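To start, the structure under review is shown below, and the notes come after it.
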Amino acid sequence: IRFGERLRVLESRDAQYEILTERCSTGERWYDIILGHVNDKGFAPIAEALGDMTYERGRKWEEGLDVGSGTGNTIATIERYFEKITGVDILESVLRHARDENKLYPNVRVVVGDATKLPFKNNRFDLSVSSGLSRYLPKAQMQQYVGELARVLQLGATHFESFVVKNKDDLVPVIEKESLTSTK
């Protein structure tokens with residue numbers, strides 16, 4: 001079955017993402033080919049800023065959170081700045097890729113969970129990131145997501161959100177914007 005034919009017969013979001021996370025003949029994931037690595041490119045300035053912040057404070061962050069961690073690209077980029085970092089994604093199938101490709105260093109763990117109902121205790125994390133997740137959340141879910149970040153982050157914690165903006169006439173997002181905000 002060809003790639004397009006498989007997409008047409010799949011009904012569940014999980015199954016569709018499973019196919020999009022498969023690698024094509026060039027070794028790239030279909031998802032990255034379709035979107036042109038826009039999430040990774042959009043997150044690069046955040047990773048650099050996080051490195052600068054870590055250097056300035058003279059120590060690693062105690063515990064971080066990557067919401068919508070997917071196949072682990074973001075965690076692999078920033079894990080060195082944390083004593084511990086947890087990735088959470090709603091789809092077990094994409095987390096399996098992070099595990100299978102050895103992107104999980106000893107200080108990294110990934111768990112299945114919903115960004116609008118994060119499976120963590122209050123005030124747990126001192127820094128969180130997300131790369132591209134906000135693009136997929138409708139307004140009501142976005143409000144729940146921000147509320148959940150406020151709940152799981154410590155007072156004064158920082159959240160980095162990388163997002164892409166699609167121009168009306170573009171087929172795929174081409175404008176990348178980064179935002180640094182304090183959740184509390």
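The values are calculated or read from the model by the stated rules, or taken from the named source; none is laboratory data. Bear in mind that the values here come from a model prediction, so they are computed numbers and not experimental data. In this analysis, Cβ positions are derived from the backbone assuming ideal geometry, glycine residues included, and neighbour counts consider all displayed protein chains. Areas reflect the complete protein model, heavy atoms only, side chains present, ligands, DNA and RNA absent. Shrake-Rupley method; radii C 1.70, N 1.55, O 1.52, S 1.80 Å.
When you scan segment 36-115 for helices (runs of 4 or more DSSP H) that lie fully inside it, which ones turn up with 2 or more residues that are closer than 15 Å to Phe160 by Cα and either open to solvent by 60 Å² or more (accessible area, probe 1.4 Å) or of a type in the set (D, E, K, R) (or both)?
Where helices (runs of 4 or more DSSP H) fall fully within segment 36-115 and carry at least 2 residues being closer than 15 Å to Phe160 by Cα and either open to solvent by 60 Å² or more (accessible area, probe 1.4 Å) or of a type in the set (D, E, K, R) (or both), they are 38-57.
Could you pull out every one of the strands (runs of 3 or more DSSP E) wholly within segment 117-183 that has 2 or more residues that are among the hydrophobic types (A, V, I, L, M, F, W, C) and at pLDDT below 95?
Answer list for segment 117-183: 153-165, 175-182.
Of the conditions (1) farther than 26 Å from Gly113 by Cα; (2) at pLDDT below 80, Met53 fails just one. Which one is it?
Here Met53 clears every test but (2).
Do you know which residues across segment 50-64 are in contact with a helix residue (DSSP H, G or I) (Cβ under 7 Å, 6 or more places away or on another chain) and not basic (Lys, Arg)?
Residues satisfying the conditions are Leu50, Gly51, Thr54, Trp61.
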